[in-house]
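The values are calculated or read from the model by the stated rules, or taken from the named source; none is laboratory data. Everything numeric in this text was worked out from a predicted model, so none of it was measured. Cβ: placed from backbone, ideal geometry, glycine included. Neighbour counts: every protein chain shown. Accessible surface areas use protein heavy atoms only, side chains included; no ligands, DNA or RNA. Shrake-Rupley method; radii C 1.70, N 1.55, O 1.52, S 1.80 Å.
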2 protein chains.
Amino acid sequence: MGRLSDLFAPDTVALVGATDREGAVGRAILENLQSGFDGEIVPINPDRESVLGLECYPDVASAPPIDLAVVVVPPPIVLETIRELGEAGTDEVVVITAGFGETGSEGAERERKLRELATQYDLRVVGPNSLGIMSTPVGLNATFGPEDARDGSIAFMSQSGAFITAVLDWANEQGIGFRDVVSLGNKTVLDETDFVREWGDDSETDVVIGYLEGIDDGHEFVRTAREVTDETPVVLVKSGRTDAGAQAASSHTGAIAGSERAYEAGLEQAGVLRANSVQELFDYARALSGLPEPDGDGVAVVTNAGGPGVLTTDAIGDSSLEMADFTDETIDELAAAMPDEANVYNPIDAIGDADSDRFGDALEIALDDPNVSSAVVVSAPTAVLEYDRLAELVIEASEESGKPIVTCLMGGQRARAAEEVLREFGVPNYFDPSRAVAGLDALAHYREIRHQSIDEPTTFDVDRERARDVLERVRSRPDNRLGIESMELLEAYGIPTPDGEIVDDPGRALEVATSIDGDVVMKIVSPDISHKSDIGGVRIGVPDDAVEDSFEDIVARARNYQPDATILGVQVQEQVDLERATETIVGMNRDPQFGPLLLFGLGGIFVEILEDTSVRVAPIGESEGRAMIDEIQAAPLLRGARGREPADVDAVVETIQRLSQLVTDFPAILELDINPLVAGPDGVQAIDLRLTVDTEKL
Amino acid sequence: MGRLSDLFAPDTVALVGATDREGAVGRAILENLQSGFDGEIVPINPDRESVLGLECYPDVASAPPIDLAVVVVPPPIVLETIRELGEAGTDEVVVITAGFGETGSEGAERERKLRELATQYDLRVVGPNSLGIMSTPVGLNATFGPEDARDGSIAFMSQSGAFITAVLDWANEQGIGFRDVVSLGNKTVLDETDFVREWGDDSETDVVIGYLEGIDDGHEFVRTAREVTDETPVVLVKSGRTDAGAQAASSHTGAIAGSERAYEAGLEQAGVLRANSVQELFDYARALSGLPEPDGDGVAVVTNAGGPGVLTTDAIGDSSLEMADFTDETIDELAAAMPDEANVYNPIDAIGDADSDRFGDALEIALDDPNVSSAVVVSAPTAVLEYDRLAELVIEASEESGKPIVTCLMGGQRARAAEEVLREFGVPNYFDPSRAVAGLDALAHYREIRHQSIDEPTTFDVDRERARDVLERVRSRPDNRLGIESMELLEAYGIPTPDGEIVDDPGRALEVATSIDGDVVMKIVSPDISHKSDIGGVRIGVPDDAVEDSFEDIVARARNYQPDATILGVQVQEQVDLERATETIVGMNRDPQFGPLLLFGLGGIFVEILEDTSVRVAPIGESEGRAMIDEIQAAPLLRGARGREPADVDAVVETIQRLSQLVTDFPAILELDINPLVAGPDGVQAIDLRLTVDTEKL
């Protein structure tokens, strides 16, 4: 078995706070431990000599060596108990006791101390406020829940203990088994990232699933999960997706919720499959825990009933999968094996009088087709169809072909026994064709995740010192904002900006304008004036002979608008040919959990009205930068739709990557917007810039 | 009971083709009839004197009077049997026999004759190729399926017999009962519209559900269903939604599928709730068949478990419902009734040690709140919570408040008995919080359907004769197209067009231009040149002194491009101020099932790249016209986003209605596009027009 830690494979489990008092949590856990644990159980309680027939020790010090301690003593005694466990050399602790961060300031202080002690003694602590843990290979049920788990290969963590009790009974009934179950509680020490890592390293865990209300360190989670998901699928329900849900989650866990878009991007980048309901979570898990990886997206549908066959086809049309196109050979073979009325094209309809063997033949022929990578077997109950026999044939076909098959044997009781046979072999049966296809789709998504190459972020040659100097200027500002006067920041990171200069007299303005080909754009530069155009602070298409007058006029308007405004000068800038170019926005803000979140979109209505944007957690490599562009609906506009010249998309991708590097290098940058970044056929130019800097982090 | 027809309440049922031969369909039906039918069963078979203990008649003529005849004779004898039934005065017939339109030309001919006979004798025929029908109030099971239906108030029709057998066993297990079940078969005579009408008139039918692969007469269905859905909810799975599914459905039923967008619009306008899977169909049906109508969208969530509470809140966030905002009074009452650790804001968390009574109290207090229109009860199993008692309290709360409650009592076996208690009272229990909320959401959608006022189409004062004259011109065309030269068609229907005229010499061009204020637009008018701009056939901003030269130049370019093109002249048109206006597209095409389908969108990229359009089946009234605009994502642009002047939206709505009237008045118009229809602050103008006309229908 070779577990990497004693948490899930202890020889000795101590229960600190064991009791035989009816209704006590300490008794419920002990009974659960006694119900099946293979190793030694050590009750600890100073008031008992024995508990439920087991010798009881007065304290940790007098007990035999402990691999795993389960702590259920009252809140005020928890810290002392932890210290004793640390002194005694115990590594793994589960704290069931509640009354920590979830209850107010006293509890929060207790939780802080718990974390300190864990660090001091190098303790791995689950909880506090945990329902407990289970590990079926050693028969361990160290929870106070009413249910035991069935054996299986699914590792399951939950931030809600109730979620575990709510699904276990149902899962048992459905024949869904688990390897380990962990109630994460307050996640004071061990959190989702630790368990994803641990299960990722465990060869017997087929799939990791979880219910989470928040991820403490999104950045670390993404890094870890990305590695794990290369070998082991991870499926999560992350609740608090909607505004209402986020508010409810925050009041439930006391944690500040990160933004849903950050979770969406971060989990996607981590290769995590996301489920939106309990049913989806287990539907995906069942497919991912038992089926081989498909080698493509083509699906064969085999049915004895037209209607359900069409429903299945619709579900495939909705998914990332596609209906396989049969070869002529397959069609000939199917025609030879089936009656004339049958449909030998996909979906194969073996028609109502099909017995199990005809079904099996059709399935075997379909799976032989090189265009078929997986199959859905959908059946309506009939007088001639024996479900048990059909289940055997499905298993045979699956073994022979090595291709994944999911089934939808419709009908309640009639399908029960066959369902059990299929389950033993790892073939999930679903009640509804759309759920069967969703299971197969999860498998296809996971295949995509495994095979996608996530390139490392490119490290561009940049002038970090110059960038730091620009950022330092924020110290002289009343607020912590920088604007267009800081375009050098972009230049230092190799992001193109138009030729030009900020000048403070009309004469210099003219000199700069003369050195630039063609007309210029002039803009007031003032940290106090944000809507420059609205107050007449922007002039476009200024010919050289109007530059001096324009300077005076722009400054006068600014003074007039706000007499005490700090005016840093007037920017005289090369005029970009907007006819041939497209305005885009490249930006960043920092998420409390995931860190820098990059955003891309087309400017104007596309962002403001259509909300057509893509996001990623930085740092990103080239492929993710490119994906950010492909993801927006309006992407064809950049690529040259409707007779336009295509924009230099490579330059946009490079700009996003350079921005990724900038905001990763400088955690002091809290928010940054390049708006617009103009993308033309021959490259990009950043026209305007705004950022917010945290001087403490400089 | 008072059924409107004998189909579902016959006193005498004849089975033509009854037999006692093992494995025969005629025996399976007879056994099903004998298993529970309250009335008289009349077997008919010339080769038997008695069948399964019943006296058998040699033919229809010698049998006693028959209310309902079920026909299962071989295909060649079906027509003769139908004639005999017609002669004998039977009104209701179910044809089980297959081998009609679904099998080829011989079968299609037989089906055509069956339809003729039905018309001749005024017979109501279900099928052919039907599994049969059921009606639980009279114990009628006239199918050859293996299952009987439980009693209930759901009427269920299916275009796939297999779909019925596939769900009945499962439905029985779930305790889902039916009033009537109909396998529609080939729908030669009676179709979905007939049954929607019949069940709409039946006071005991709470909800109509169906599985359809196509709707034969979409227009008639919409008209009928719209009336029915005012009183009785209709939920349909219409399969073949996706391209792949449509292809599969078409090969399965042999019917030409209408477009999915037409179905989407038509079913929505008919007030039909659409389900996309078997599970959704029954999840909605369970909510709609047992619960009272909510009086608003505010939902209270009551739970004993934070996690599932957050999941439920997320599901509400995803739905059309909203989390109710409790009054201060409610919060005070909840605080008084519950322990300090409980959450008294919505979602109410009665916490893990809540017994059924605390749960019940919280529910009662919440339902008393005027902001609460419905409730979801979500529970994880605990040692202190008795599900049976909780079920009783839920029922009490539901009765006292008159507000709908759905439950999600999680846990498998533990919840079974409580679930049964709830079901008896009409409260649906769902395994997953998201499904519970979906059930409630279906109820809210149905409420919206019932309360929305669908205004009648406005009849504008139009010049129908002039329009007909314009359409007649198509007879002189080599193809059946008309273009910009036919703008009078729009004028005849009161749709504004710019001032101007089609002229055929430079002099007249100048006269027209002079009569128009400002510059003009000039366009070549030729049925043979569709991309006028590309060949230099359009000039904008032409001042009067350039009109004559432009005329020559435009004509020369057209000649040069295509020497043999028919040139109808050059259009000289008032130039519309596009700076202040927005380009829109208003169009129509004809769907084989639903008839004229109106389309609206903003021009250019919005339609071509973003596919941001809305559709409706004509004719429509003002409110639907307005909804077409509100539905598109880019609607804020018309309403004056980003500092623009708002367009005259009323004029756009009126144009859509006028077009609706035009295409309804003239079925000869197969397709029509006004592109662009320019919408400015002071009204709209149709700038260009194309249409296709079927001369046979003129």
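Observations, loosely collected:
- Subset of the range B:544-562 (residues that are open to solvent by less than 100 Å² (accessible area, probe 1.4 Å) and not hydrophobic (A, V, I, L, M, F, W, C)): B:ASP544, B:GLU548, B:SER550, B:ASP553, B:GLN562
- Residue within the range B:302-325 that is in contact with a Ser or Thr (Cβ under 9 Å, 6 or more places away or on another chain), away from chain A (no Cβ under 12 Å) and touching a residue at least 40 places away in the same chain (Cβ under 8 Å) present: yes
- Scan of the range A:160-176 for residues that are at the interface with another protein chain (Cβ under 7 Å from one of its Cβ atoms), of a type outside the set (A, V, I, L, M) and open to solvent by 20 Å² or more (accessible area, probe 1.4 Å), ordered by number: A:TRP170, A:ASN172, A:GLU173
- The sole residue among A:VAL521, A:VAL538, A:VAL512 that is over 22 Å from B:GLY643 (Cβ atoms), outside the structural domain of A:GLY601 (by TED's automatic domain parsing) and either in contact (Cβ under 8 Å) with a residue 12 or more places away in the chain or aromatic (Phe, Trp, Tyr) (or both) is A:VAL512.
- Residue within the range A:1-15 that is out of contact with any Asp or Glu (no Cβ under 9 Å at 6 or more places or on another chain) and either part of a loop (DSSP other than H, G, I, E, B) or farther than 20 Å from A:ASN129 by Cα (or both) present: no
- Unique residue being closer than 18 Å to B:VAL70 by Cα, out of contact with any helix residue (DSSP H, G or I) (no Cβ under 8 Å at 6 or more places or on another chain) and touching a residue at least 24 places away in the same chain (Cβ under 8 Å) when the list is B:THR143, B:THR165, B:THR136: B:THR136
- Qualifying residue in the range A:221-236 (condition: within 14 Å of chain B (Cβ to nearest Cβ) and in contact with a helix residue (DSSP H, G or I) (Cβ under 7 Å, 6 or more places away or on another chain)): yes
- Search result, residues across the range A:444-476 that are in contact with a Ser or Thr (Cβ under 7 Å, 6 or more places away or on another chain) and closer than 23 Å to A:VAL406 by Cβ: A:ALA444, A:HIS445, A:ILE449
- Taken over the range A:41-69, the residue count meeting the criterion of being among the charged types (D, E, K, R), exposed (fewer than 15 other Cβ atoms within 10 Å of the Cβ) and touching a strand residue (DSSP E or B) at 6+ places or on another chain (Cβ under 8 Å) is 3.
- Residues within the range A:17-46 that are in a loop (DSSP other than H, G, I, E, B) and either in contact (Cβ under 8 Å) with a residue 24 or more places away in the chain or under 43 Å from the mean Cα position of the chain (by Cα) (or both), tallied: 13
- One residue stands out among those in the range A:1-35 that are in contact with a helix residue (DSSP H, G or I) (Cβ under 7 Å, 6 or more places away or on another chain) and open to solvent by 40 Å² or more (accessible area, probe 1.4 Å): the one that is nearest to A:ASP67 (Cα to Cα), which is A:LEU4.
- Exclusive hit being within 23 Å of A:PRO74 (Cα to Cα), away from chain B (no Cβ under 14 Å), of a type in the set (Gly, Ala, Ser) and surrounded by 24 or more Cβ atoms within 10 Å (Cβ to Cβ), set A:GLY127, A:GLY132: A:GLY127
- Single residue of the range B:415-440 satisfying the filter (assigned to a helix (DSSP H, G or I), in contact (Cβ under 8 Å) with a residue 12 or more places away in the chain and open to solvent by 20 Å² or more (accessible area, probe 1.4 Å)) that is nearest to the other protein chains (Cβ to nearest Cβ): B:SER434
- Restricting attention to the range A:391-414, the residues that are away from chain B (no Cβ under 14 Å), in a helix (DSSP H, G or I) and out of contact with any Lys or Arg (no Cβ under 9 Å at 6 or more places or on another chain) add up to 10.
- Selection within the range B:570-603 - over 38 Å from the mean Cα position of the chain (by Cα) and assigned to a strand (DSSP E or B): B:VAL570, B:GLN571, B:VAL572, B:GLN573, B:GLU574
- Across the range A:628-657, the number of residues qualifying as open to solvent by less than 30 Å² (accessible area, probe 1.4 Å) and in a helix (DSSP H, G or I) comes to 13.
- Matching option when the condition is crowded, with 21+ Cβ neighbours inside 10 Å and outside any strand (DSSP E or B), among A:ALA142, A:ALA149: A:ALA149
- Within the range B:179-194, the residues that satisfy the criterion of being outside any loop (DSSP other than H, G, I, E, B) and buried (at least 24 other Cβ atoms within 10 Å of the Cβ) are B:ARG179, B:ASP180, B:VAL181, B:VAL182, B:SER183, B:GLU192.
- Residue list for the range B:339-386, filter: acidic (Asp, Glu), farther than 28 Å from B:ASP297 by Cβ and part of a loop (DSSP other than H, G, I, E, B): B:ASP340, B:GLU341, B:ASP353, B:ASP355, B:GLU386
- Each residue in the range A:490-525 was checked for being in contact with a strand residue (DSSP E or B) (Cβ under 7 Å, 6 or more places away or on another chain) and of a type outside the set (S, T, N, Q), and 21 pass.
- Check on A:LEU597, open to solvent by 10 Å² or more (accessible area, probe 1.4 Å), in contact with an Asp or Glu (Cβ under 6 Å, 6 or more places away or on another chain), at negative phi and not assigned by TED's automatic domain parsing to the domain that holds A:GLY680: no
- Within the range B:201-219, the set of residues being part of a helix (DSSP H, G or I) and either modelled with pLDDT of 95 or more or buried (at least 20 other Cβ atoms within 10 Å of the Cβ) (or both) comprises B:GLY218 only.
- Screening the candidates B:VAL406, B:VAL344 for the property of being in the same structural domain as B:LEU443 (by TED's automatic domain parsing), buried (at least 24 other Cβ atoms within 10 Å of the Cβ) and aliphatic (A, V, I, L, M) yields one hit, B:VAL406.
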